[in-house]
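Read the structure below first, then the notes.
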Amino acid sequence: MRLILLGDFHYSRMEQGTSDMVAARDNAYASMLERFLAEEGEYHISLGDLTHEGLPEELGHITGQIGGSGRRFIHVLGNHDTYSIPKAEILGITGGQRYSRIETEEALLLFLDTTKEMVKDDWGGEIDAEQIEWLQNELEQAGDKPVLVFAHHPVYDTTRRSTLDKLSIHPDYPIQAVLNRKKGPGFYFCGHNHANSIVARDGWHYIQTAACLDVPAVRIVELAQGKFRTELRHMNDPKLAQHIAGFNTRMKGFAPVADAHGELSDHELEIPL
């Protein structure tokens, strides 16, 4: 099984942008989206914040581009995606689900919604009781089978920056306790904090991927021959870097993160299952 993951993308309508900023945006996002979709995999997965303001125009533009590719695309809701319109309307545009499951021969894939709805001044994560109960049942039924969980927000006190205010699922929500009941290998993928980070704890590997505007890359995840493997596939292109530099420090609501790259150990991992 091979999965292609996209970190926080932050495609913006950029209503207040200059013509130069908009041109740089168009070039940068077209290039990054092309690289993402060019990778072969069973599923292409956005870890949330696919858009910057969650506007219908932003959601429609990006999902329209992806929809024409023929790729099986899954959009995990991010806090920026849910800023402007109700979640039901978002799902109507994207054709997605708020939370869902996919079971393959190799693993069980679980997709969570950790976002609030139309709350711009609190970008922290939460998870409702319905999902907690569903997640607990899914993990119990999975037994020793590997489980891959995909959510926008990290679990508190796991990956880099996840103890900072509004940079995790709030610790009052018992997701950590639910995850710790899992038998066998578990992998939790998230974005939100705009920094690469891989942390092993209590039988789980927590794998956080930086925002594309900070670290232009996609994350490859493979389960094959009894092994789990992940790595970053960098988009090393001076023209792309130039286009991103044309707007990333002037886009309202986005600020580059220092040392978003992390260490090599935050980029790649290979372990036996």
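The values are calculated or read from the model by the stated rules, or taken from the named source; none is laboratory data. Quantities reported herein were computed from a predicted structural model and do not represent experimental measurements. All Cβ positions, glycine included, derive from the backbone under ideal geometry; neighbour counts span all protein chains shown. Just the protein is used for accessible areas: all its heavy atoms, side chains included, with ligands, DNA and RNA removed. Shrake-Rupley method; radii C 1.70, N 1.55, O 1.52, S 1.80 Å.
If D8 passes every condition in (1) surrounded by fewer than 18 Cβ atoms within 10 Å (Cβ to Cβ); (2) closer than 30 Å to G184 by Cα; (3) acidic (D, E) but one, which one does it miss?
If we test D8 against (1) surrounded by fewer than 18 Cβ atoms within 10 Å (Cβ to Cβ); (2) closer than 30 Å to G184 by Cα; (3) acidic (D, E), just (1) comes out false.
Search region 219-259 for residues being under 30 Å from T18 (Cα atoms) and in contact with a Leu (Cβ under 9 Å, 6 or more places away or on another chain), and hand back the single one that is surrounded by the fewest Cβ atoms within 10 Å (Cβ to Cβ). Don't jump to the end; show me each part of the working.
The initial filter retains those residues of region 219-259 that are under 30 Å from T18 (Cα atoms), namely 234-259.
Next, only the ones that are in contact with a Leu (Cβ under 9 Å, 6 or more places away or on another chain) stay: 244, 247-248, 251, 254, 256.
Working: I244: 24, F247: 21, N248: 19, M251: 17, F254: 20, P256: 14.
The selected residue is P256.
Within region 160-182, can one find any residue that is in contact (Cβ under 8 Å) with a residue 60 or more places away in the chain and closer than 26 Å to K227 by Cβ?
Among the residues of region 160-182, at least one is in contact (Cβ under 8 Å) with a residue 60 or more places away in the chain and closer than 26 Å to K227 by Cβ, which makes the answer yes.
So S162 passes all but one of these: (1) at positive phi; (2) out of contact with any Lys or Arg (no Cβ under 7 Å at 6 or more places or on another chain); (3) of a type in the set (G, A, S). Which condition number does it fail?
(1)
Is there a residue in region 14-24 that is in contact with a Phe, Trp or Tyr (Cβ under 8 Å, 6 or more places away or on another chain), assigned to a helix (DSSP H, G or I) and closer than 19 Å to D237 by Cα?
Scanning region 14-24, I find at least one residue that is in contact with a Phe, Trp or Tyr (Cβ under 8 Å, 6 or more places away or on another chain), assigned to a helix (DSSP H, G or I) and closer than 19 Å to D237 by Cα, so the answer is yes.
Within region 38-123, considering only strands (runs of 3 or more DSSP E) that don't extend past its boundaries, which have at least 2 residues that are open to solvent by 10 Å² or more (accessible area, probe 1.4 Å)? Write out each step before concluding.
On the way: elements: 43-46, 73-75, 100-103, 108-111.
Filter on region 38-123 gives 73-75, 100-103.
From the list L139, L135, L167, which residue is part of a loop (DSSP other than H, G, I, E, B), at pLDDT 95 or above and on the phi < 0 side of the Ramachandran plot?
Values: L139 fails: part of a loop (DSSP other than H, G, I, E, B); L135 fails: part of a loop (DSSP other than H, G, I, E, B).
It is L167.
Would you call Y206 aromatic (F, W, Y), free of Cβ contacts under 8 Å to residues at least 40 places away in the same chain and surrounded by 15 or more Cβ atoms within 10 Å (Cβ to Cβ)? Before the answer, list the steps.
On the way: aromatic (F, W, Y): yes; free of Cβ contacts under 8 Å to residues at least 40 places away in the same chain: no; surrounded by 15 or more Cβ atoms within 10 Å (Cβ to Cβ): yes.
Answer is no for this residue.
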